[in-house]
Amino acid sequence: MELREAIRKRRSVRRYVKGAPVSEEDLKGMLEAAMMAPSANNRRPWEFIVVESEEKKAALAAAHPYAGHLRDAALGIVVLVPGPFEETGYRFTPQDAGAAIENLMLEALDRGYGTCWCGIFPGRDRTEAIAKILATDLVPVGLVTVGRPAEEPAARGYYDEKKVRRI
């Protein structure tokens, strides 16, 4: 798939084919793409937790008000970074994590999977609840649900000349 096609074809998928697995090769490819993302000073501060157990998926779905679809997804990938940001010298880690998430989602699309990015950070309640479920001291920034899509959502993005300013 050409890059421009992938960018325009990517959708937030919230309905998955229950029980359709993600191959190890595809999962590794998605994580590799995520780790190829740019990061400030090439610090690559991210870590990833792949959530496959039904118990953990249910716990995360209960803790995140917009991630109920994780229950039917093959897996979830939580992207984490060290914090607090100013104290660690990694002030740009949320942006670094965002770039990694986008790469992961585009790679997943190219491999035939649907994804949905469920933001976690900066909501303190959500961040703390998910960190507790995952037993980590890192800051969970985003959760990406991954699976075979059971829907084809319509495009919601488009070019809007009013959002562009030239000076």
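Points worth noting:
- Residue in region 30-51 that is within 22 Å of Glu2 (Cβ to Cβ), crowded, with 17+ Cβ neighbours inside 10 Å, of a type in the set (S, T, N, Q) and out of contact with any Gly (no Cβ under 8 Å at 6 or more places or on another chain) present: no
- Sole exception among (1) farther than 21 Å from Glu24 by Cα; (2) modelled with pLDDT of 95 or more for Leu104, by number: (1)
- Residue within region 108-116 that is crowded, with 19+ Cβ neighbours inside 10 Å, free of Cβ contacts under 8 Å to residues at least 60 places away in the same chain and of a type outside the set (Asp, Glu) present: no
- Test: residue in region 89-99 that is in contact with a Leu (Cβ under 9 Å, 6 or more places away or on another chain), modelled with pLDDT under 95 and more than 21 Å from Ser53 (Cα to Cα): no
Okay, residues lined up against (1) crowded, with 19+ Cβ neighbours inside 10 Å; (2) closer than 18 Å to Arg10 by Cα; (3) out of contact with any helix residue (DSSP H, G or I) (no Cβ under 8 Å at 6 or more places or on another chain); (4) in contact (Cβ under 8 Å) with a residue 12 or more places away in the chain:
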site: Val79; (1), (2), (3), (4): yes, no, no, yes
site: Pro82; (1), (2), (3), (4): no, no, no, yes
site: Glu87; (1), (2), (3), (4): no, no, yes, no
site: Tyr90; (1), (2), (3), (4): yes, no, no, yes
site: Gln95; (1), (2), (3), (4): no, no, no, yes
site: Leu104; (1), (2), (3), (4): yes, yes, no, yes
site: Gly119; (1), (2), (3), (4): no, yes, yes, yes
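- Among the residues of region 15-43, those identified as charged (D, E, K, R) and at pLDDT 95 or above are Arg15, Glu24, Glu25, Asp26, Lys28, Glu32.
- Reported count of residues in region 118-145, each being among the small types (Gly, Ala, Ser) and either assigned to a helix (DSSP H, G or I) or touching a Pro at 6+ places or on another chain (Cβ under 8 Å) (or both), is 2.
- When region 6-26 is filtered for residues that are within 15 Å of Arg111 (Cβ to Cβ) and either among the hydroxyl-bearing types (Ser, Thr, Tyr) or without any contact (Cβ under 8 Å) to a residue 60 or more places away in the chain (or both), the ones remaining, listed by number, are Tyr16, Pro21, Ser23, Glu24, Glu25.
The values are calculated or read from the model by the stated rules, or taken from the named source; none is laboratory data. Quick caveat, the model's predicted, so the values are computed rather than measured. Every residue, glycine among them, receives a Cβ derived from its backbone with ideal geometry; neighbour counts consider all protein chains shown.
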